[in-house]
Amino acid sequence: MFYPYEQTLLQAVGEALSGEAGRRFAAQAAAVNKIQRLNEGREVNLYQMRGGKPDFDASLAFPTGEETKLASAVLAAPQGGRMRAEVWLVRGSLFSLEFSKAPANVLGAGWKEASPAVEEIKIWLDPLQAPQPEPPASRAVLSGWLAQWQALGRLTRSHAPLRPEDRMERLDWLDAALPVDYLALLDQTEGAQLGDWKVLGAAAIHTVELEDGVNYHLVAESEERGALAVRAGQRDGELYLLDYEDNTAEAVGGSLQQALERLLPPA
């Protein structure tokens, strides 16, 4: 079932949660009976199966949203390598683990048996608290190019922004600079829908590794075109267009607005 480093991560999350939340999380992990590892183990999908079909125990589910990042952590191997990890819930149930690097590249030849230390861990929310619907007065009030695109029908969805201190806490976990106009967008809205591009809020940024071993932090996604991302460790805010089929990353400049102008059809 779980490899030791996956179990180490799950145990650390369960211990960091309080009381009932920790108990319920541990029960969800114990109920997993199918594991799907993708992309050299960077993405681990967890299932509760019954009768050959996914059937998650509703009595164990948290009252969270459709997709929620529960925790982030840094795992440190004895030989000095490190990788970031994220734990995600889907409809309140433990569903995926995401690692910033292929575990074998960090943990070495015996990676399936390795037990790295949890160097840092952050729980992003109380999963026992149901998300509150946004009252109309708290919805995003847009200005600048976002307001213009909203008037043109190019921006079709926005959300109330996170509190500045909550937003900065999440962004501080990233080891890269972000485009200035993306940060300005987060001041106004926690993500947005711009045509077929979903611009991610600070709480939804996640990390992928391409086959060349480079990590990218995603800030926007499109089912048709791929993703826009910043490169881990880079401090100039340069955006890259990721093509998952070709496994390529093309530099597209340091402006989210200009990148989307290029990628979206004319208004």
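Residue by residue through region 48-65, note down the ones that are of a type outside the set (G, A, S) and either open to solvent by 40 Å² or more (accessible area, probe 1.4 Å) or assigned to a loop (DSSP other than H, G, I, E, B) (or both).
Filtering region 48-65 down to residues of a type outside the set (G, A, S) leaves 48-50, 53-57, 60, 62-64.
Scanning region 48-65 gives Q48, M49, R50, K53, P54, D55, F56, D57, F62, P63, T64.
Within the group A104, A177, which residue is within 24 Å of L210 (Cα to Cα), touching an Asp or Glu at 6+ places or on another chain (Cβ under 9 Å) and modelled with pLDDT of 95 or more? Before you say what the answer is, go through the steps one by one.
On the way: A104 fails: modelled with pLDDT of 95 or more.
So the residue among A104, A177 that is within 24 Å of L210 (Cα to Cα), touching an Asp or Glu at 6+ places or on another chain (Cβ under 9 Å) and modelled with pLDDT of 95 or more is A177.
Take A267 and decide whether it is assigned to a loop (DSSP other than H, G, I, E, B), within 23 Å of L152 (Cα to Cα) and of a type in the set (A, V, I, L, M, F, W, C).
Working: assigned to a loop (DSSP other than H, G, I, E, B): yes; within 23 Å of L152 (Cα to Cα): yes; of a type in the set (A, V, I, L, M, F, W, C): yes.
Yes; evaluated as a whole, the condition is true for this residue.
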Open item on the list: Out of the residues in region 221-236 meeting the condition of being surrounded by fewer than 19 Cβ atoms within 10 Å (Cβ to Cβ) and among the small types (G, A, S), tell me which one is farthest from P265 (Cα to Cα).
Closed with: G233
Task: Residues being without any contact (Cβ under 8 Å) to a residue 12 or more places away in the chain and within 29 Å of P116 (Cα to Cα) - total across region 35-70 - done: 3
Task: Residues satisfying the stated conditions in region 71-80, i.e. open to solvent by 20 Å² or more (accessible area, probe 1.4 Å) and either part of a strand (DSSP E or B) or touching a residue at least 12 places away in the same chain (Cβ under 8 Å) (or both) - done: P78, Q79
- [ ] Pairs only if they're at least six apart or on different chains, beta carbon under 9 angstrom, first in region 13-34 and among the polar types (S, T, N, Q), second surrounded by 15 or more Cβ atoms within 10 Å (Cβ to Cβ) and part of a helix (DSSP H, G or I); list them, first residue then second.
- [x] Q28/L60
Task: Failed criterion for I121 (all others in (1) of a type outside the set (K, R); (2) assigned to a strand (DSSP E or B); (3) open to solvent by 50 Å² or more (accessible area, probe 1.4 Å); (4) farther than 30 Å from Q11 by Cα hold) - done: (4)
- [ ] Could you tell me whether A30 is modelled with pLDDT of 95 or more, over 19 Å from I121 (Cα atoms) and either within 19 Å of the chain's Cα centre (by Cα) or of a type outside the set (V, I, T) (or both)?
- [x] yes
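Listed residues A184, A160; which is open to solvent by 20 Å² or more (accessible area, probe 1.4 Å) and at pLDDT 95 or above? Can you show your working first?
On the way: A160 fails: at pLDDT 95 or above.
That would be A184, the only listed residue that is open to solvent by 20 Å² or more (accessible area, probe 1.4 Å) and at pLDDT 95 or above.
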TODO: Out of A117, A85, A71, A102, report the one residue that is within 28 Å of S158 (Cβ to Cβ), touching a strand residue (DSSP E or B) at 6+ places or on another chain (Cβ under 8 Å) and not basic (K, R).
DONE: A71
Task: Residue satisfying condition, being under 25 Å from A203 (Cβ atoms), in a strand (DSSP E or B) and among the polar types (S, T, N, Q), within set T68, T8 - done: T68
Open item on the list: Suppose we filter region 148-179 for residues that are of a type in the set (D, E) and part of a loop (DSSP other than H, G, I, E, B); how many remain?
Closed with: 2
Task: Matching residues, region 69-80, being at pLDDT 90 or above and not aliphatic (A, V, I, L, M) - done: K69, S72
TODO: Look at region 238-261 and say how many of its residues are part of a strand (DSSP E or B), hydrophobic (A, V, I, L, M, F, W, C) and buried (at least 17 other Cβ atoms within 10 Å of the Cβ).
DONE: 5
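The values are calculated or read from the model by the stated rules, or taken from the named source; none is laboratory data. All figures in this text were calculated on a predicted structure; none of them were measured in a lab. Quick reminder, even Gly has a Cβ in these numbers, built from the backbone with ideal geometry, and neighbours come from all protein chains shown. Just the protein is used for accessible areas: all its heavy atoms, side chains included, with ligands, DNA and RNA removed. Shrake-Rupley method; radii C 1.70, N 1.55, O 1.52, S 1.80 Å.
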